[in-house]
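Here the structure is laid out as structure tokens; the discussion comes afterwards.
The values are calculated or read from the model by the stated rules, or taken from the named source; none is laboratory data. All values reported here derive from a predicted model rather than from experimental measurement. Heads up, the Cβs are rebuilt from the backbone with ideal geometry, glycines too, and the neighbour counts pull from every protein chain shown.
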Amino acid sequence: MSENYKTLYERSITDPEGFWAEAAEAIDWDRKWDRVLDADAKPAARWFVGGELNTCYNCLDRHVEAGRGDQAALIYDSPVTDQQKTYSYRELQDTVARFAGVLSGRGVKKGDRVIVYMPMIPEATIAMLACARLGAIHSVVFGGFAANELATRIDDAKPKFIVTASCGIEPHRVVEYKPLLDKAIELAAHKPDGCIIKARPQASASMIEGRDLDWDDEMAGAEPADCVPVAATDPLYILYTSGTTGIPKGVVRDNGGHAVALNWSMKNIYNVDAGDVFWAASDVGWVVGHSYIVYGTLLRGCTTLMYEGKPVGTPDPGAFWRVISDYKVRVLFTAPTAFRAIKKEDPEGTYLAKYDLSCMDSLFLAGERCDPDTLFWARDKLNKPVVDHWWQTETGWAIAANPLGIQAMEVKPGSPTVAMPGYDVRILSDDGREMPDGDMGDMVIKLPLPPACLPTLWNNDRGFTDSYLSRYPGYYLSGDAGFRDADDYLWIMSRTDDIINVAGHRLSTGGIEEVLASHPDIAECAVIGVADQLKGELPVGLAVLKAGVDRDQGEITAGLVKLVRERIGPVAAFKTVVIVARLPKTRSGKVLRGTMKKLADGQEYRVPATIDDPAILDEIERSLQSIGYAKKA
Ligand code: COA
Ligand code: AMP
């Protein structure tokens, strides 16, 4: 391993304060910090304590002041509406300041929460930055979630305002947001003071007098609002992510550490700088969207891209190549599933030949394990470096990557390469001992976590400690299992909880089970993540009927699929459930989900010694075969 990465990494671990204080010089502070790191803060260490800054100022105003006002800040490309629009830094600053004026005129101030439930349109980014400008805390909810999920987030975040649009656009349907919003507010105990709705021509929104406001009307006479300095440790946003139950966890991100680490990551990991075009083909509803559609890119002075479309079908598998060549994208960041979708439709890469991709330096993939086949295909077809990197909503930036801006390291397909500065990754056995190289264990991070990682869960220090810090005192539990090899490369193999990754979207099988269990005909159920060639994993349900239920089983399963779509949303991609007579369990009553998953995937499995009745596995195998799984190799 060459010295560059190694020297930097070791310094970040032995002298975290020196390392991050230096990185913090690249951010504009209203007040410099008193302490770089308060390692004793509870429930977790805090960065840049005593410092004050404004994240929106650092994303926009300072670049305008530095002479970048005419540079493109945000490009919106929407094949689903056939629109393109570019905002310069000056235009984006002006629009954001005016929308901040709208919010503050309606009473939103520092510390208030604002939910942003938006499709991939510039107004989503504008709303996020406007909150940051006022020191208000945004919580973006992905558009593919149903009213019920939105209601849960409303009750937890207790927003003063909700910003939304009349609709989102999926390739074959218009998703009307307003009925979902109205239903969510009806379901929630907390009621916001008001809602601001961006009307789109594809769907109209019926407005509720006294509560709903039209975005364009509000913006028409809006006065710009100034940036409000906030403490480095104040929350910038809350982003809900799947936990082990149906109740999502509100990951909190602070202002100071976040700005420092994300700005640092742009140059050192992605090897881009001010003026470069960086495209994160994700959604602002996910952490990738927060970090690299909005904040990281703009903090660094890059040009960011918001793409409202899919990798395939809008209109063809050449969509990504068109965008890269049209806007001279240097780095593309997406999930492996997007490349699997392209590869499926255009295995030979014939669409690539139609575009000039000489502007592109590299491709970064994350969100799920990158299977070597996808990595090889992308690398061969693009003829560019392809970097798999590992991170989580909780960390906000990569735990492990190939840091192209520091040093391009040898690629080992299947590994996201090495730990990034600040992340002291260890592999522990069940009883907390460090595992030797090559042996699997729990992947943990020795505390303190580096800047930008979550300091707690929203209004839930206890839940934060229970979920992440109590399993191995002194370490953050990532929830991933894997190993380190002799060259210090990390290998992420599986989750240790019930979280699955469907098309790069994080879902809790426990959350889906809660919905199935609420059906009046269901006695008990299990949901497992089965391997899927396109989406990586897909949730499949197994349900046991209550005694005496003799309704048509097809009707019941269709009802269950509908229920999950209604309660969680289409993003769950829950399409398959099979009725079984019994579920396999241990003698103590624990459902053997891991064994069923292996069965479904046609993998070798060991019959657990603790199984109550091994014969059930044969029944389950037949049931899974009836729906196309558990095929013998
Ligand atoms: N609003 C409303 N519905 C949405 C939505 C949104 N923002 N995003 C997705 N959905 C819906 C889809 O329309 C689909 O509904 P359907 O069951 O009626 O077909 C369902 O949710 C599942 O969506 P998705 O998992 O995205 O599947 P898809 O078949 O539409 O597309 C891919 C598959 C692979 C092309 C797509 O997932 C993709 O491009 N992934 C890229 C990676 C990515 O964005 N990762 C995020 C983290 S980096
Ligand atoms: P999310 O919070 O949605 O970003 O999901 C985080 C989870 O996705 C991680 O805990 C991993 O299980 C998985 N993940 C993300 N990136 C990778 C990767 N590069 N390799 C393997 N798993 C990954």
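Overview of values
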quantity	calculated
Residues of the stretch 111-125 that turn out to be assigned to a loop (DSSP other than H, G, I, E, B) and out of contact with any Pro (no Cβ under 9 Å at 6 or more places or on another chain), as a count	4
Some residue of the stretch 474-486 being in contact with a Cys (Cβ under 8 Å, 6 or more places away or on another chain) and among the hydroxyl-bearing types (Ser, Thr, Tyr)	yes
Meets criteria (in a strand (DSSP E or B), within 16 Å of ligand 2 (Cβ to nearest atom) and either farther than 30 Å from GLN407 by Cα or not assigned by TED's automatic domain parsing to the domain that holds ALA572 (or both)) for ILE238	yes
Residue check for ALA341: within 10 Å of ligand 1 (Cβ to nearest atom) and either among the hydroxyl-bearing types (Ser, Thr, Tyr) or not assigned by TED's automatic domain parsing to the domain that holds HIS138 (or both)	yes
Within the stretch 5-84, strands (runs of 3 or more DSSP E) holding 2 or more residues that are within 18 Å of CYS453 (Cβ to Cβ) and either touching a strand residue (DSSP E or B) at 6+ places or on another chain (Cβ under 8 Å) or aliphatic (A, V, I, L, M) (or both)	35-38, 46-49
Any hit, the stretch 612-626, residues being under 34 Å from the mean Cα position of the chain (by Cα) and either part of a loop (DSSP other than H, G, I, E, B) or basic (Lys, Arg) (or both)	no
Unmet criterion (only one of (1) over 22 Å from the mean Cα position of the chain (by Cα); (2) part of a helix (DSSP H, G or I)) for LYS191	(2)
Whichever residue in the stretch 475-506 is in contact (Cβ under 8 Å) with a residue 40 or more places away in the chain and within 16 Å of ligand 1 (Cβ to nearest atom) and, among such residues, is nearest to ASP388 (Cα to Cα)	ILE492
So THR152, is it polar (S, T, N, Q), over 28 Å from TYR57 (Cα atoms), in contact with a strand residue (DSSP E or B) (Cβ under 9 Å, 6 or more places away or on another chain) and not in a loop (DSSP other than H, G, I, E, B)	yes
The stretch 605-627 residues that are closer than 17 Å to GLY589 by Cα and among the aliphatic types (A, V, I, L, M), paired with ones that are part of a loop (DSSP other than H, G, I, E, B) and at pLDDT below 90 (beta carbon under 8 Å, 6 or more apart)	LEU617/VAL607
Residue match in the stretch 460-473 (condition: more than 16 Å from ligand 1 (Cβ to nearest atom), in contact with a helix residue (DSSP H, G or I) (Cβ under 7 Å, 6 or more places away or on another chain) and not assigned by TED's automatic domain parsing to the domain that holds LEU534)	no
Number of positions in the stretch 208-225 that are of a type in the set (D, E, K, R) and surrounded by 15 or more Cβ atoms within 10 Å (Cβ to Cβ)	3
Residue in the stretch 534-550 that is closer than 25 Å to GLY285 by Cβ and surrounded by fewer than 17 Cβ atoms within 10 Å (Cβ to Cβ) present	yes
Qualifying residues in the stretch 33-58 (those that are without any contact (Cβ under 8 Å) to a residue 60 or more places away in the chain and loosely packed, with under 14 Cβ neighbours inside 10 Å) - the one farthest from LEU134 (Cα to Cα)	ASP40
Pick from the stretch 197-221, criterion more than 25 Å from PRO79 (Cα to Cα) and of a type outside the set (D, E, K, R), ranking: nearest to ligand 1 (Cβ to nearest atom)	SER206
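Every residue, every condition in (1) assigned by TED's automatic domain parsing to the domain that holds GLU25; (2) within 16 Å of ligand 2 (Cβ to nearest atom); (3) surrounded by fewer than 23 Cβ atoms within 10 Å (Cβ to Cβ), yes or no:
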{"site": "TYR292", "(1), (2), (3)": "yes, yes, no"}
{"site": "ARG300", "(1), (2), (3)": "yes, no, no"}
{"site": "ARG322", "(1), (2), (3)": "no, no, yes"}
{"site": "LYS328", "(1), (2), (3)": "no, no, yes"}
{"site": "PHE333", "(1), (2), (3)": "no, yes, no"}
{"site": "TYR355", "(1), (2), (3)": "no, no, yes"}
{"site": "SER358", "(1), (2), (3)": "no, no, yes"}
